[in-house]
Structures are given as C-alpha cells and as structure tokens.
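Note sheet for the following structure.
All of the numbers you see were taken from the coordinates with simple rules; none came from a lab. Only a predicted model underlies this, so the values are computations on that prediction, with no experimental measurement involved. Here the Cβ positions follow ideal geometry from the backbone for every residue, glycine too, while neighbour counts run over all protein chains shown.
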Amino acid sequence: MSTTPDLAARAAATSGSDMWHTTPIPGELRRISLADGPHGLRKQPEDSDHLGIGTSLPATCFPPAVGLGASWNPELVHQVGAALGAEASSLGVDVLLGPGMNIKRSPLCGRNFEYVSEDPHVTARIAAALVTGIQSTGVGACVKHFAVNNQETDRMRVSADVDERTLREIYLAAFEQVIRETNPSMVMCSYNRINGVYASQHPWLLTELLRGEWGFEGPVVSDWGAVADRVAALAAGLDLEMPPSGTDDRIVSAVRNGDLPESVVDTAVGRLKHLQDRVSSDSSRNVDHAGHDALARAVARECAVLLKNENDVLPLDPTSSLAVIGEFARTPRFQGGGSSHVVPTTVHAAVDVLDGSCSGPVTFAPGFRLDGQPDAALVEEAVQVAANHDIAVLFLGLPDAAESEGYDREDIELPEVQRDLLIQVRGVCDRVVVVLSNGGVVSVSDWEDNASAVLEGWLLGQAGGAALADLLTGVVSPSGRLTETIPLRLADHPSYLSFPGEHGHSLYGEGLYVGYRYFDTVQRPVAYPFGHGLTYTSFSYSDLELTTENDTTWTVSCTVTNTGGRAAAEVPQLYVGVQESHPTRPSHELRGFAKVFLEPGESTRVQFPLTGRDLSTWDRTHQRWSLAAGTYTVTVGASSRDPRLSTTLVTAGDRFVAPLGAHSTISEWRAHPIGGPVLAEQMRFMRGADGISEEMVQMAGGMPLSALCSFNMGVTTEMLDQLVAGVEEQRQQAIARGEITG
Ligand code: BGC
C-alpha cells in the first residue's frame, strides 16, 4: 500500500540532489540525470561545475546552434538530435539540457553561438528538429532559456523590459511553436527578469502562458542558480531548482505557515513523475562514434555560408598551388566557451584535408598568434608563402576568448592583426579567399574588398575543418544561408543604443524590429541580408501558386530549378507582409522555408503551408491573436532582399468585432461596424449636434464617449449605459448568427 511521502521528502524533490541529478523519493520518484548541452554531450565526472571549467567525457561535438541554424535543414538537424540522444543515453543521461532558443537581439550577445537566429520561425524549426531527434532515443530535451535571455551582461539580474506584442511575436514565438509541436520533456527558465519579475518566479510566464495557454505538462527547471526566492518560484510554477541551494526547509515552513498551498508542492512532484515516465537512458547502448563524426562533417558542410565568390574563385582549381594561411586552419576554432563546451572525440584540421585533396602544392603558414599579440615574423612568413602560390586561403576569425557564455562582446570586428595580415597578403597575391570562424557576426565591411571570396564558417564542431576543406575544393557545394543579418556597422543595428542597458534594465525599445525586420522595413543598407548565401550553381524560381484550403489555411507552391552546372541545394524562403500597414508591422516576415537538393537541370515543386496565425498580430487590448481583413503580400525569395516570385492573398480576416464601452473612444465607436451606425443615429438627437462639423468630430475622436456627458450636450450616463448595452446585444446576436466573432 503506498502512502504519501512526507512533506520534507516532497519539498526535497523540488531541488536537485547534486549538480546534475534530481532528488529521488523512495518508491515514488527515481533519480533523474541531467547534462549539457545543445551540440554535444558534456557529461562531467564527480566534482563537476556547470560553466565548462571542469572537464567532461569525450563526446561528438556537432556544430553549435549558430551553425545548425545556418544549415536551414531540419531533417539533418533531427539526425544530430538523435545522435546527441544516443550519446546521452549511453552515458546514463536522461535529459539533455538543450536546445537553446533565444533570439539574437544584438550581434554582441556573447552566447549568440548557442542560438539559432534573429528570427523566430527558423529558430523554431531548427529547435523542433533537435527536440524530436533527441526524444526519438528516449532521452528528454529541455528547451532553454525561457525567456528573453538575450544578453550575458548582468544576466542574473537584468530586467528585459519588453512590450507584450513583441514578447509574443518575437521572443516567445519559437518557444510556443516548439512546445506545442514537439512537447519537449522539460523547460529551463532563464536567469534574467522580464519586466521586473525574475523568469524563475514569473507566474504569468511559467503558469498562465506556458501551462494555461500552451498546455505544457512537464516540469520547469531553473537555469543553474537562477532561483532568487525559492517559495515564490515554486508558487509561480518552477518545479525543480538546480543545483540545490539547500533551502528545502523554506518550502516546508511556507506550507506549515499557510504561505504556500501544499498542493503546489504536489503539483511539482507530479510534473517530475510525468518526466520520469517519459525519459530513460540505456547505458548498454553502443555509440557509433565514427558514424557520428561522419555525421558531424556532413552537417558542418551544410552550415557554412558562401558570402561572396567573385570570378568564381571557388571551388578551388585542384591543380593550383595553395597558400593556406591562418592558425585556424591548423588549430580550428569550432565551439564557444561556457556550459556548452564539449571535449570532442577528434578534431579535423582544414589544412590536413586540403593537403590530402589538392594535386597542386599546399603550403601552410600560421600568420598570427591566437592570443592576438602581433608577431611580425609570422606575418612575414605568411606573405612570402602567399607570394609564391597561385591562391591564398586565409583562415581568420575570433579567438576563443572573444566570445563565451558569461559576457558580451564590445564590437564585431575581426582582430586587427588578422585584418592587417589580409591586407599584406592581398598585396602579393591576386586570388585571396577568406574563411571565417566566429560564433557571433563579424563585420566584413572594411576588409572584404581584399578578398575575392568569403566563406563564413561560423563554429562548425569537431569536423568543421574537414567540412570547410570539402566546400573549398568543391567536393560539395555550399548550402548554408544567413540566419542573421550582417550589418555594415554595429551602429546600424536596431538594438545599438539600448544594448545591454543600464541600471539593471535593458529596454527593448526597437520592439518587433529585430534584425531584418528592422533593416528591411527602413531599407537600411546591410553588408549581407538575412537568408543570403551563394553556391556553385544558379537557381530559377517559377510558377508561383497560392491555393486556398479554407478561411485560414493556404498553400503556397513554386518550382525551383537548378540552372547551373553543379549539384547544389537552394533554400527558397517564404515571406509575408501587408499592403495596408495597420497595425504597424515589419515590411515582411519569414513564415516558411525548404531546403532542396537539385542536380544540374533538375526541378522540384516546393510547398509552404500558411495559416491564419502566420498573418496575425498580437492584439494586446483584447489579449488575442488578430487576423485583420486585408491584402497580404506573399513572396518567395532567395533572401529577405532577393524576392523572386510574389502574389497577394486577400482575406476577410477573423471577423472579430470587439465589444464597445463608454470608455471606448469616439473614433473607435465610429469605426465599429455595429456601434458606428448606432452612434451616428444617436448623435442626431443630441443637443447642438446639428452644429457639429466633421473637423470637430475628428478632433474629439480620441475622447472616450463618456466625456460627452460633461459637454452639456444632453447626454447622461444612463443614456450611455443604454447605448452600450444595446450595441452589445446586437453584437452578441451577430456572433450567434455566425456573422462575426467576438
Ligand atoms: C547555462 C545553461 C546550462 C546550465 C548548466 C548555465 O550557466 O546558462 O545553459 O544548461 O548552466 O550547465
């Protein structure tokens, strides 16, 4: 016969037993093992820490999210998830702490390498693929950091001050989609505050929205050390504090004092039971490390983005002599610092693979030191090598210390020694290719003229060096696309003036206008737009078709053809905007994409589903998604600035008619389909109404109707009450007849 475990045991279960395990309740709840991280397992031995300072067991290091996002290939990312899950399972890990899904608000965020994009749609699709991949192995996924954790500066206290529409449409949208579509096992709350309230003790975020609206049934775990007030956190919907702060007795006292309903503790334990029923590991499972390394290489090949390629300098002519310059060709920079840091099973250096695959001579020169100190001898050697070869391939990028969890960057420039090296190499060699390794965006503006081609390699995981070599030599064609805009200057960025905030507040004043939503709406020039990426062939788009399935479901389709001479992949992107811009919204927003591999001359038909929600905005006043009637532009393009095919979609909208009240303004009454005619009729009887000109009505438009009672026009509050009640009755009748929604 089972008995309810005592309160102390249940309270203890709402915090961990150590850095990486939950606290069991004998006979009720087993010990669940958690480990980082999003792109490779970081299973630590005893005496562990959570910031990646201590070591961990070797595991395959796949490309971090910055790379996975740029692949625009959810199917492949699903395979990465399954491989991560298999490695976790074999080491007894029940829940993997990832994916990270925060939006890249500013290029300066030190943790951008762990996030997918400045856009919620591509973030959601990539994160969903990771979740379903991980969970296909029985291991749970834990989406993080919920929510609005877009900077590292002051991350454990800062308040992200954001309006609700921006929250819903930008910062929460990907979480909503992934939670609704994939049902991840766990959610990790973030460190920061949101509009003044810690995410870890935010009742609206953790309970009303996450559970109430989105239907999430699993537990919420704190980010490591994110709980400020244990009792407030539990009451708000935070089920598991990690690591334990040793404050379980506060929960017990709060229940005994009547400050915390005991049912809250039971609910949290219930959610942990729900978790244990869903997740499992299997340490007898064999892991194919060689296979995972091959997968890491295949994935990395899809993540690099070819930014420019003048005179088709790429792919490299295999018979040319090659100067391979830059320490990163020998010592790859392939991941970022902090809790996601993985000890890889092996590391591939680009220079080794280039050496093996080119028939012409290949000579390496490091060119610069990784610590950023100038070294004239290294520069001189590199310039000499470049002078004696046909093509110079420079591997440049950000050193490890430039970006990590825990701090933000101060600029987006490449180190000066590397920029100087490039200029000197260009002085002696006509054909220069730059390959970049960086987790956050780097500016290309003041040096890219010195390079015929630029291949943005982001951080590509342990096999990144080999993948870059494969792309340079044309073993495969590049197929990555930008998931974030590369601005001309940092100062052009919409968050420039308010990032990272001050006095404990970061004001998200740019609102919805994050990344390309800003650059494209105000038509500001950029270095490379969102969605951009070249390859070794060309594609044409044709035969756009929009099919209406029902009032809120459409299908957009078009044909994509490989019109060049090489096999490659294209990423057609679906953008939606409005013709009449009310309410104010970005000129266009990504609502779909596909990745299609095509042989030369091959065509395929691509389909994008489109729903009412894709066209909707968040109506804060009525707390609902609003689909306005009107004409929408539907564009399929090769980037946010490269539209190829366009059409329009006309919809009657959701026919929502809001209730009116005495506090509604005169303009709102006049625009209202039911209230407008009723008010016009009433005004005929008002004292002095004959003398009211249209200008006067317009001038009074912003006043609540109730203000009329004060203007000696014979309007009483009783009359207004009657008016409101009459209109509401008509509205309810129209709803009942199905003519409108309310
Ligand atoms: C990070 C999380 C990570 C946790 C455990 C925190 O510092 O923000 O992403 O999962 O540590 O290592």
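Annotations
- Qualifying GluC sites (Glu not before Pro) in region 191-244, DSSP loop, other Cβ atoms within 10 Å at most 16: Glu217
- Sorted on the mean count of surrounding Cβ atoms within 10 Å across their residues, most packed first, peptides 159-171, 19-31 read 159-171, 19-31.
- Only helices enter the 222 nm calculation for the chain: every DSSP H run of n ≥ 4 contributes -39,500 (n - 2.57), and dividing by all residues gives -8000 deg cm²/dmol, rounded to 500.
- Cα-based equivalent ellipsoid, region 260-345: semi-axes from gyration tensor eigenvalues, Å: 48, 18, 14
- Cα-centre dipole for region 214-365 with unit charges at Cβ (Lys and Arg positive, Asp and Glu negative), debye to 20: 100
- Cα-Cα separations in region 1-119 greater than 24 Å, expressed as whole percent: 41
- Projecting label points 7 angstrom from Cα along Cα→Cβ for Gln730 and Val697 puts them 1.5 nm apart.
- Relative compactness, region 511-576, computed as alpha-carbon Rg over 2.2 N^0.38 Å: 1.45
- Straight-distance crosslink candidates among aspartates and glutamates, where the alpha carbon sits under 16 Å from Lys595 and sequence neighbours closer than 8 are dropped: Glu75, Glu302, Glu570
- Taking the charge dipole of the chain about its Cα centre, with +1 at Lys and Arg Cβ atoms and -1 at Asp and Glu Cβ atoms, the residue from Gly54, Thr651, Ala736 reaching farthest to the positive side is Ala736.
- Region 184-226, Rg to Rh (Cα coordinates; Rh as Kirkwood inverse mean 1/r): 0.95
- Those trypsin sites (Lys or Arg not before Pro) in region 560-610 that DSSP places in a loop and that have at most 16 other beta carbons within 10 Å: Arg566
- Per-selection Kirkwood Rh - region 571-624 (Cα, Å, 1 d.p.): 13.6
- Burial ordering of Asp375, Asp223, Asp239, fewest other beta-carbon atoms within 10 Å first: Asp375, Asp223, Asp239
- Computed over every Cα-Cα pair of region 357-510 and binned at 5 Å starting from 0, the pair-distance distribution P(r) comes out as 1, 8, 15, 19, 20, 15, 9, 6, 3, 2, 1, 0 percent.
- Debye-sum result for the chain in log10 I(q)/I(0), which assumes one identical scatterer on each alpha carbon, at q = 0.08, 0.09, 0.10 Å⁻¹: -0.71, -0.86, -1.02
- Under the span-like rule (Cα at least 18 Å along the axis, Kyte-Doolittle mean at least -0.5), DSSP H helices of the chain: 74-90, 120-135, 289-303, 416-428, 717-736
- For q = 0.22, 0.25, 0.31 Å⁻¹, Debye-computed log10 I/I(0) when each Cα of region 104-146 counts as one equal scatterer: -0.79, -0.92, -1.12
- A full extension of the chain between Arg624 and Asp355 corresponds to an added length of 90.9 nm, given 0.36 nm per residue minus the alpha carbon distance.
- Filtered GluC sites (Glu not before Pro), region 377-470: DSSP coil and at most 12 other beta carbons within 10 Å: Glu410
- Taking Leu68, Leu275 and counting other C-beta atoms within 10 Å, the order from fewest to most: Leu275, Leu68
- 20 °C / 1.002 mPa s Stokes-Einstein diffusion coefficient of region 463-600, Kirkwood radius on C-alpha pairs, µm²/s: 119
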